[in-house]
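Everything on this sheet refers to the single structure shown next.
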Amino acid sequence: MSKTSEFLWYIPNQIKSGHRGDTSVVSTNSLDVLTSHAKALEDHGWKGALLGTGWGRPDTLTVAAALTARTSTFEPLIAIRPGYWRPAHFASAAATLDHLTGGRVRINIVSGKDNLAAYGDSEGDQAHRYGRTKEFMRLVRKLWTEENVTYAGEHFQVTDSTVVPRLEPRGERLHPKLYFGGASEAAERVSATEADIQLFWGEPLEGVRERIERLKALSKRLDRDLPPLEFGLRVTTFVRDTTEQAWADAEAKVAEMAQSQGLDDHRRRQVAVGQQRLLDLHTRGEVLDDNLYTAPGKFGGGGAGTTWLVGSAADVANSLRKYEDLGITHFVLSDTPYLREIERQGNQLLPLLRGLDQTPALVPQKTAPSELALAGK
């Protein structure tokens, strides 16, 4: 893969254990456990990790500060929400952490649903929500790169504002990269003009290709005044020593999900456009492309857990290279148990992705698994 591609992991940042079936630890959000994950990421070749956010989870900026203090290279991708933060408050806090860590901060802007009333926030319709997100991103970037900023928007205002400490340019990096997701038309307009990196869920290659082409065209049409938009993939990578073992374990895990969860009738739930796209993939088949497993979404898998890339390290590396060929350069991978998989995939998958072993891998086409593993559902 390209030398410019980056590989991050995921830290769920949940008080309760058992996230996506990971019951390997009890005190899942103790500083010692979180630090063990961050240090393992450093030791096994990962750039850093996405920290999940939402009301009812620990504050991501505080967690990131604690983990960067205990590590030397770990880069947190800190998920935050406009509304939970005001732009100037956030710009100052993030600039401070970036200064103290020598430029290790990355930011994931999240505009999805949350318990807004719990922290005194409110939003209107979709246009209002994404309009506010667009202003937030634009103003934060101005505060990081300009001094004496005065801004009067529909949602936010500042007067003669200068954030300190000032961010130190690090090569072409003028400030922490702003990652953003979302598949609705409103979300894509925000990404095309304001994001540094657009994150996609684990969709089939053709769907990702279409979205990249659309976003590039949209960036031109909306007169984007930033460097070209970059693209990332957030997906579960289910890796085992052999192809056969990977599929046997994946089908067994989905069977367990079916028994405990039953058929997840997502049609009755209101979900984001991007999540709905993922959930609907299983109607096209349980295995798409070479090894994109869609069955988890039928039985409670959500977000990055809705679809899995399944196979040996060579199989999964081959699939990720195909995403890279489309223009993906930022990868956020994960599987559970999180700590064990940091090590397994760091040892087996990352060397292949970094070109340390370029032995061509023939990926067998996986036929759809039988329904017998799905508990009769």
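Here, each number is a calculation from the coordinates, and none is a lab measurement. A quick note: this is a predicted structure, and the numbers were derived from the prediction, not measured. Glycine gets a Cβ as well: all are built from the backbone with ideal geometry, and neighbour counts include every protein chain shown.
Against the chain, whose longest principal axis is taken from its Cα atoms, helix 313-326 shows a tilt of about 40°. With contacts taken as Cα pairs under 8 Å and at least 6 residues apart, the chain reaches a relative contact order of 18 percent. Kindly flag which residue pairs out of 113/298; 39/134; 113/177; 16/322; 113/220; 47/322 have an alpha-carbon separation exceeding 25 Å in this structure. From 113/298; 39/134; 113/177; 16/322; 113/220; 47/322, over 25 Å: 39/134; 16/322; 113/220.
Can you bin segment 31-187 into rounded, prolate or oblate? Criterion: square roots of the alpha carbon gyration tensor eigenvalues sorted a ≥ b ≥ c, rounded for a/c under 1.5, prolate for a/b above b/c, oblate for the rest. Judged from the Cα gyration tensor, segment 31-187 comes out oblate (a/c at least 1.5, b/c at or above a/b). Over segment 89-219, Cα pairs under 8 Å with separation of 6+ residues give a relative contact order of 26 percent. With the convex hull drawn over the C-alpha atoms of the chain, the volume per residue is 136 Å³. Of the GluC sites (Glu not before Pro) in segment 162-199, the ones in a loop by DSSP (not H, G, I, E or B) with at most 11 other beta carbons within 10 Å are 172. Between the beta carbons of residue 35 and residue 222, assuming R0 = 45 Å, the FRET efficiency works out to 0.60 to the nearest 0.05. Estimated from the Cβ-Cβ distance and a Förster radius of 22 angstrom, the FRET efficiency linking residue 100 and residue 44 is about 0.35.
Charged side chains reduced to their Cβ positions (Lys and Arg at +1, Asp and Glu at -1) give the chain a dipole of some 480 debye around its Cα centre. Taken over segment 206-259, the convex hull of the Cα atoms encloses 129 Å³ per residue.
Highest mean packing comes first when the peptides 46-52, 119-125 are listed by Cβ atoms within 10 Å, giving 46-52, 119-125. Here is how the number arises for the chain: DSSP H runs of 4 or more residues each give -39500 (n - 2.57), the sum is divided by the residue count, and the result at 222 nm is -11500 deg cm²/dmol. Treating the angle as unsigned and between 0 and 90°, give the value, to the nearest 10°, between the Cα long axis of helix 60-69 and the longest Cα principal axis of the chain. Long axis of 60-69 versus the principal axis of the chain: about 80 degrees.
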